[in-house]
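The values are calculated or read from the model by the stated rules, or taken from the named source; none is laboratory data. Because the structure is a prediction, the values reported are computed rather than measured. Ideal geometry is used to build each Cβ from the backbone, glycine not excepted, and the neighbour counts take in all protein chains shown.
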Amino acid sequence: MKRTCLNCNEEITGRIDKKYCSEYCKSNYHYEQKKGEQDSLFKRIDLQLKLNRRLLKDFNKAGKATIRAKKLLEAGFNPEYFTHYWKNSKGDVYLFVYEYGFLKRKENNKTKYVLVTWQDYMNKQKKFPL
């Protein structure tokens, strides 16, 4: 009896209970299964991180920008979702979504975000992963 991989349908050789032809196929099969789930936690977090990154990128064309928090939040930004943070020499903690960062500030009684892009010099200072 010919056995085929659940992911790519290639013929499987080896153990009788083997279901995949390679580790890649096993990983890809399970990834595709999880991706299809309607309301998985992974999917919700991944989608929010992608949206946050896109918004930070779109609102920060020059590498550093300031934007009213209301405008960013209305676009769907959620500051509770970030990948890591970095503390500057002044003690300000910037939250980052991959290479795009933000710092919440209060100016003239209005909440704003200072948007930055990851810079090489930040690698020399301590970066704090989650």
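Does Tyr121 satisfy being of a type in the set (Ser, Thr, Tyr) and either crowded, with 18+ Cβ neighbours inside 10 Å or part of a loop (DSSP other than H, G, I, E, B) (or both)?
no
Every residue, every condition in (1) touching a Gly at 6+ places or on another chain (Cβ under 7 Å); (2) at pLDDT 95 or above; (3) not charged (D, E, K, R), yes or no:
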{"site": "Asp17", "(1), (2), (3)": "no, no, no"}
{"site": "Lys35", "(1), (2), (3)": "no, no, no"}
{"site": "Ile45", "(1), (2), (3)": "no, no, yes"}
{"site": "Arg54", "(1), (2), (3)": "no, yes, no"}
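For the stretch 77-109, how many residues meet the condition of being under 19 Å from Asn123 (Cβ atoms), part of a loop (DSSP other than H, G, I, E, B) and either within 16 Å of the chain's Cα centre (by Cα) or aromatic (Phe, Trp, Tyr) (or both)?
Final tally of qualifying residues: 4.
Tell me, yes or no, whether the stretch 26-35 has at least one residue that is touching a Phe, Trp or Tyr at 6+ places or on another chain (Cβ under 7 Å) and loosely packed, with under 14 Cβ neighbours inside 10 Å.
Looking through the stretch 26-35, at least one residue is touching a Phe, Trp or Tyr at 6+ places or on another chain (Cβ under 7 Å) and loosely packed, with under 14 Cβ neighbours inside 10 Å.
Considering only residues of the stretch 40-76 that are without any contact (Cβ under 8 Å) to a residue 24 or more places away in the chain, exposed (fewer than 12 other Cβ atoms within 10 Å of the Cβ) and not in a helix (DSSP H, G or I), which is nearest to the chain's Cα centre (by Cα)?
Within the stretch 40-76, the match that is nearest to the chain's Cα centre (by Cα) is Lys61.
Inspect all residues belonging to the stretch 74-89 and state whether any of them is assigned by TED's automatic domain parsing to the domain that holds Lys50, on the phi > 0 side of the Ramachandran plot and polar (S, T, N, Q).
no
Can you tell me which of (1) surrounded by 14 or more Cβ atoms within 10 Å (Cβ to Cβ); (2) closer than 25 Å to Thr111 by Cβ is the one Cys5 doesn't meet?
Among (1) surrounded by 14 or more Cβ atoms within 10 Å (Cβ to Cβ); (2) closer than 25 Å to Thr111 by Cβ, the lone unmet condition for Cys5 is (2).
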